[in-house]
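Have a look at the structure below, then the notes.
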Amino acid sequence: MNFSVITSQFWSLVLQGLALGLIYALVSLGYTMVYGVLRLINFANSEVFMIGTFATLYLEVHVLGYATNSPSLHGAKLVWTLVLVFIGSMIACALLAMLVEIVAYRRLRARGANRLASLISAIGVSIALLEGMRIITISRPMTTPRLLDKWSFGEFHGANFRIDTLMAIVVPIIIFVVLDRFVTKSRLGKSIRAVSMSEENSKLMGININRVITLTFCIGGLTTGAAAFIYTTVYENTVFNVGFNMGIAAFTAAVLGGIGNLRGAFYGGIALGMLEQFASAMLGSQWKAVTVFTVLVVVLLFKPNGLFGEAVQQTRT
Amino acid sequence: MNKKIVSGLAIAAAATLALGVVATSPASAAAKTSVSLAFEGPLTGPDAQLGQDQIPGAIYAIALYNAKNPKVKVNLVKADSQCDGTVAANVAPGVAANKAVIGVIGTSCSGEARASFPAFKAAGLTMIAPSASAVSLTNPKAPDRGFPVFHRVVAHDGFQAPALARYAAKGVASPKFYIIDDMTTYGGPLAKGSIPQAKKLGDVVGTDSVPKGTADYTSVASKVKASGANVVIYGGYTTDAAKLFKALRDGGYKGILASGDGTNTSDFPALAGSAAEGVRLTAADVPFDSILSKAQLAEFTKITGIKVPGLYSTTAYNATNIFLDCITKGATTRSAIQLCVTNGSWTGAGGETIKFDRYGDIIGGAPVGGYLVKNGVIIYDSVA
């Protein structure tokens, strides 16, 4: 075990862990919010992420016409281009997530189908999307243009404050703050919380359950779309199965934080990102997965509802 | 049991055996008017370019052969195992079950080869690999060796690994190596095999093993930068090499980047973008366009649709020609092909002699070439 990295690369690993962890956190919202209202895992969320990365690529290359070797953009053009692609990716993922809800969940729910049926239908949608994209792209990885030049603001004890790293930290934090306020303060947000506490009582209070569930999928899709945009802008590549590892990581983050809990997803994502970075640096990258899942099992042994599981029972925020 | 029944069964068994022998005898086989060779390698998937660069060599050789109106025409069967052992384990039995296939040009990757061995050994199907270079595949003591069906027309990583370290450090005054592998059958041994040579040339300041398919290489980039390394060697395939090299350059690493033939595919510069510039690559291959005359190159382009032959199209061409020569000599069954390939001797496209040792390697090995990425194109530089 190499402890010297803690002193030599501590701030660098913290910065990178935050950036990676917050991408995980955004995707984990797609799992945790749906679980909150339906008590079901939305297995198609990993493929919503995958479609988001391809939507980003499609918008940049085919709609805006940038080639993989196009020069980076600057000034206002850079800002509006990134904002446009960011919104496009979020809309694509939100629409897909709502479609997943209609196809895989709503009808089965209306017919009082077994909960496992919904679970399997979501897995079916996930596999159909994955294999469809495999056929379309003949499994080839794709590179996106470097629209955002990776310039640095400076270094702090070896941590490089690069623009893309900061974007991967700041944008998710803003999204979380807005979403947290929305869920706790707005009428619609309160409806989501009410449904997550008791569907029956919510019905009696006149809440339109289907509308709330669709809204929840929509929000999960929007945050997953934001994650897909950030991922593609930072790593500049995608492939048909990009959602698989991301889905496992995000689901792990949701469970680590306490699934069903918005703030749990946030802190669970950060904890996972940090854990991966420090495990890779101290033990070697080959030990990353072993370390992460060992820690997850140990945490669940002592806190079966995840790090913020108790808060779930009380507030669902 | 009744003696009459026993003797009756014995006669029936003997007759069946005799008929079986007749059915597979050379005289019967000679009556064949067409046979198939299979190309097994990655044709789709993240590492598809490796196979897509090679298969034109096989297509070209077979087209030239069939154009001579031989007695036995040859068809090419494509088997896409995606440079993935799990996929290959499912694909190989299908190839083996196709009775028309009498030889396999492949596999491209070492993991695919290892996973294909059980099916091909059971079927007696001879393989000649254009680029599967892991040492263990022909190591008589290794449990995953391909004997007796496996052969390869490429120098194994016992030659490539030290050459990679040499070429990576070429012109570097005091090389400090950081050696990374992708934990595959190919990448792991290639990277680790370069360590002894690296230690002779300078210092090895760090090593890491990052599973193939990893998305985020930032922690590796931090470690490399903090180590003070000025030469990074990666044992792995194109897609991951592109991600790693981008992360290293974005993380501020300014030293040499080098990798082996798994990364030496024509799509590498596009995938790695500006990080590809100056990357040093090796391969136990002589560029096909340096061997072909202008007229031959035009003919190659006309047949395959490829303007510039990719890496290992030469070895794929050589592997195919060995099978075609055996077929010309009358070997049209799997067993006859195995006998011919094991004992024959040929001249490769570059004029070199190809003869296999008992475990499937070319006797005497083969030179390893050094390649550079310049202006977004991989060019041959010198012997590594």
- Note on the structure: Filtering the range A:40-76 down to residues that are in a loop (DSSP other than H, G, I, E, B) and within 14 Å of chain B (Cβ to nearest Cβ) yields A:TYR66, A:ALA67, A:THR68, A:ASN69, A:SER70, A:PRO71, A:SER72
- Item | Options A:MET90, A:MET133, A:MET142; residue that is more than 14 Å from every other protein chain (Cβ to nearest Cβ), on the phi < 0 side of the Ramachandran plot, surrounded by 14 or more Cβ atoms within 10 Å (Cβ to Cβ) and not polar (S, T, N, Q) | A:MET90
- Query: If you take the residues of the range A:8-22 that are facing another protein chain (nearest Cβ under 9 Å), out of contact with any strand residue (DSSP E or B) (no Cβ under 6 Å at 6 or more places or on another chain) and closer than 16 Å to A:ILE169 by Cα, which of them is surrounded by the most Cβ atoms within 10 Å (Cβ to Cβ)?
  - Reply: A:GLN16
- Task: Could you look through the range B:208-225, keep only residues that are facing another protein chain (nearest Cβ under 9 Å) and among the β-branched types (Val, Ile, Thr), and pick out the one that is farthest from the chain's Cα centre (by Cα)?
- Result: B:THR218
- Item | the range B:189-207, subset within 14 Å of chain A (Cβ to nearest Cβ) and surrounded by fewer than 20 Cβ atoms within 10 Å (Cβ to Cβ), residue farthest from the chain's Cα centre (by Cα) | B:VAL205
- Just one of A:LEU148, A:LEU215, A:LEU188, A:LEU204 is at pLDDT below 95 and within 12 Å of chain B (Cβ to nearest Cβ); which is it? A:LEU148
- Message: So, A:ALA194, is that one under 24 Å from the mean Cα position of the chain (by Cα), in a helix (DSSP H, G or I) and among the small types (Gly, Ala, Ser) or not?
- Response: yes
- Task: Please state which of the following conditions B:VAL77 fails to meet, knowing it meets all the rest: (1) in a helix (DSSP H, G or I); (2) modelled with pLDDT of 95 or more.
- Result: (1)
- Query: Which residue, of A:ILE230, A:ILE248, is surrounded by fewer than 23 Cβ atoms within 10 Å (Cβ to Cβ), within 13 Å of the chain's Cα centre (by Cα), in a helix (DSSP H, G or I) and of a type in the set (A, V, I, L, M, F, W, C)?
  - Reply: A:ILE248
- How many of the residues in the range B:106-139 are among the hydrophobic types (A, V, I, L, M, F, W, C), within 10 Å of the chain's Cα centre (by Cα) and part of a loop (DSSP other than H, G, I, E, B)? 3
- Item | the range B:38-54, residues that are in a helix (DSSP H, G or I) and within 14 Å of chain A (Cβ to nearest Cβ) | B:ALA48, B:GLN49, B:LEU50, B:GLY51, B:GLN52, B:ASP53
- Query: Take the residues of the range A:108-155 that are touching a helix residue (DSSP H, G or I) at 6+ places or on another chain (Cβ under 9 Å), charged (D, E, K, R) and in a helix (DSSP H, G or I): which is nearest to B:LYS225 (Cα to Cα)?
  - Reply: A:ARG115
- Which residue pairs have Cβ atoms closer than 6 Å, lie 6 or more positions apart in sequence or on different chains, and pair a first residue in the range A:2-15 that is under 13 Å from A:LEU283 (Cβ atoms) and in a helix (DSSP H, G or I) with a second residue that is small (Gly, Ala, Ser) and at pLDDT below 75? none
- Item | the range B:265-278 - residue that is surrounded by 24 or more Cβ atoms within 10 Å (Cβ to Cβ) and touching a Ser or Thr at 6+ places or on another chain (Cβ under 7 Å) and, of those, farthest from B:GLY193 (Cα to Cα) | B:LEU271
- Query: What is the one condition in (1) of a type in the set (S, T, N, Q); (2) without any contact (Cβ under 8 Å) to a residue 40 or more places away in the chain; (3) in contact with an Asp or Glu (Cβ under 7 Å, 6 or more places away or on another chain) that B:GLN49 does not satisfy?
  - Reply: (2)
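Table: residues versus (1) among the hydroxyl-bearing types (Ser, Thr, Tyr); (2) more than 30 Å from B:LEU271 (Cβ to Cβ); (3) without any contact (Cβ under 8 Å) to a residue 40 or more places away in the chain; (4) assigned by TED's automatic domain parsing to the domain that holds B:VAL135.
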residue: B:THR332; (1), (2), (3), (4): yes, yes, no, yes
residue: B:ILE337; (1), (2), (3), (4): no, yes, no, yes
residue: B:VAL341; (1), (2), (3), (4): no, yes, no, yes
residue: B:GLY344; (1), (2), (3), (4): no, yes, yes, yes
residue: B:THR347; (1), (2), (3), (4): yes, yes, yes, yes
residue: B:GLY364; (1), (2), (3), (4): no, yes, yes, no
residue: B:GLY376; (1), (2), (3), (4): no, no, no, no
- Across the range B:111-150, what is the number of residues that are touching a residue at least 24 places away in the same chain (Cβ under 8 Å) and surrounded by fewer than 20 Cβ atoms within 10 Å (Cβ to Cβ)? 13
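The values are calculated or read from the model by the stated rules, or taken from the named source; none is laboratory data. Because the structure is a prediction, the values reported are computed rather than measured. Virtual Cβ from ideal backbone geometry, glycine too; neighbours counted across all protein chains shown.
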